[in-house]
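A quick write-up on the structure given underneath.
The values are calculated or read from the model by the stated rules, or taken from the named source; none is laboratory data. Here the structure is a predicted model, which means the values were calculated and not measured. Ideal geometry is used to build each Cβ from the backbone, glycine not excepted, and the neighbour counts take in all protein chains shown. These accessible areas exclude ligands, DNA and RNA; they are computed on the full protein's heavy atoms, side chains included. Shrake-Rupley method; radii C 1.70, N 1.55, O 1.52, S 1.80 Å.
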Amino acid sequence: MKAAIVGVTGYTGLELLRLIQLHPVLEIGTLHSHSCHENSAAVYPHLQQLIDQPISAFDPQQIMAENELVFFATPAGISKELVSSFVEHDFPVVDLSGDLRLKEGQMYQQWYQQPPAADHLLQAATYALPEFQRAQGNLIANPGCYATAAILAAAPLVRSKWLASIPIFDGKSGLSGAGKKLTETSHFVTISENMRTYKLNQHQHIPEILQQFQLWDPELTAIQFSTSLIPVKRGIMMTLYVPVAPERTAEDIYHRYQEEYQGQPFIRLQPLGELPELRQVLGTNFCDIGLALNPTTHIVTVIAVIDNLVKGAAGQAIQNVNKWAGLEETAGLRQIPWYP
């Protein structure tokens, strides 16, 4: 099954290359970029003797003629202008940007500060967090990295309506989460030996998280959400703090997480009271979750760690394709984490 990649020169596009090359069914199809039109191995020497093929300009007719699906690994604001021809031909699309995640165009306008996709595209897209939704149809909106970690950290509590207050999320991300484009924030002298909080109360993943939560609990109308950059290349550590009713014990909560994630191949629940580290998921599609309850304050702390480029982007996109295509959900995604 040949898969084209649009936006192949970005971090997520390159991660798709790495994972598809290991997949038993997917094959690397045509590669596309707006700005780079050379051979892949000439631009990225780490691909030599592995993937050496031309990177072409975007051409929907070529993509549909030579492939069986297409991944859009493009920044927000691009895919919403490019996917229409694929949708018209019912050609499978996986969009890894934020363009198709929000069902209300007005919310996209507010949080992304640009016009939304056409409404028929928004309604046709399936927001597919694979632990909870299997894609219906041929237009898949892949969840965002912070959103993935936050939703997975809180889902058992939200779905049980066990939250006693607005949940507070504190997300910390490696620099690759900010994308490849150079900014003042991404300079080595800015991020090295430093930690910087950004987009406080303004991050574009906030409405995405809330949209999912309200499917489970319409009375949950807000979250508190902060994001920070830390001096590592990749990975997200999402910490959730939320009070629960006094009668809820740590064992109750832990059992609820066990029930929710039983049989989910990429959720690894740590023993009660043990918390995951970032490095134990790097390079993989796993989300590792640990929790603890403060018996005095009745505040539960949940920590979820993911690799932002894999479970937060490319790996989750392939997981969605596996489910959509009726393949083994784990196909091509059972890598051992990088260690050390």
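Just one of R334, R279 is basic (K, R), modelled with pLDDT of 95 or more and assigned to a loop (DSSP other than H, G, I, E, B); which is it? Give the derivation first.
On the way: R279 fails: assigned to a loop (DSSP other than H, G, I, E, B).
After applying the criteria, what remains is R334.
Could you list all residues from segment 268-298 that are touching a Leu at 6+ places or on another chain (Cβ under 6 Å) and either of a type outside the set (V, I, T) or surrounded by fewer than 16 Cβ atoms within 10 Å (Cβ to Cβ) (or both)? Steps first, answer last, please.
So the first thing to find is which residues in segment 268-298 are touching a Leu at 6+ places or on another chain (Cβ under 6 Å), and the list is 285, 287, 289-290.
Those that are touching a Leu at 6+ places or on another chain (Cβ under 6 Å) and either of a type outside the set (V, I, T) or surrounded by fewer than 16 Cβ atoms within 10 Å (Cβ to Cβ) (or both): N285, C287, G290.
Which of the residues that make up segment 235-272 are of a type in the set (K, R) and touching a Pro at 6+ places or on another chain (Cβ under 9 Å)? Break it down stepwise before answering.
Keep residues of segment 235-272 that are of a type in the set (K, R), which gives 248, 256, 268.
R256, R268, listed by residue number.
Working only within segment 208-238, note down all residues that are touching a Leu at 6+ places or on another chain (Cβ under 9 Å) and open to solvent by less than 10 Å² (accessible area, probe 1.4 Å). Full working, then the answer.
The initial filter retains those residues of segment 208-238 that are touching a Leu at 6+ places or on another chain (Cβ under 9 Å), namely 208, 210-214, 217, 220-223, 225-227, 229-238.
Those that are touching a Leu at 6+ places or on another chain (Cβ under 9 Å) and open to solvent by less than 10 Å² (accessible area, probe 1.4 Å): E208, Q212, F213, F225, T227, L229, G235, I236, M238.
Of the conditions (1) open to solvent by less than 10 Å² (accessible area, probe 1.4 Å); (2) within 26 Å of Q270 (Cβ to Cβ); (3) part of a helix (DSSP H, G or I), S176 fails just one. Which one is it?
Answer for S176: the failing condition is (1).
May I ask you to say which residue of Q136, Q123 is of a type in the set (S, T, N, Q), assigned to a helix (DSSP H, G or I) and open to solvent by 10 Å² or more (accessible area, probe 1.4 Å)?
Numbers: Q136 fails: assigned to a helix (DSSP H, G or I).
So the residue among Q136, Q123 that is of a type in the set (S, T, N, Q), assigned to a helix (DSSP H, G or I) and open to solvent by 10 Å² or more (accessible area, probe 1.4 Å) is Q123.
Filter segment 176-223 down to the residues that are more than 19 Å from the chain's Cα centre (by Cα), among the aliphatic types (A, V, I, L, M) and modelled with pLDDT under 90, then identify the one that is farthest from V158 (Cα to Cα).
Result: V189.
Applying the selection to segment 139-148, what residues are part of a loop (DSSP other than H, G, I, E, B) and farther than 18 Å from F86 by Cβ?
P143, G144
Among the residues of segment 231-243, is any of a type in the set (K, R) and within 21 Å of G174 (Cβ to Cβ)?
If we filter segment 231-243 for residues that are of a type in the set (K, R), which is where we start, we get 233-234.
Of the ones still in play, those that are also within 21 Å of G174 (Cβ to Cβ) are 233-234.
Yes: one or more hits.
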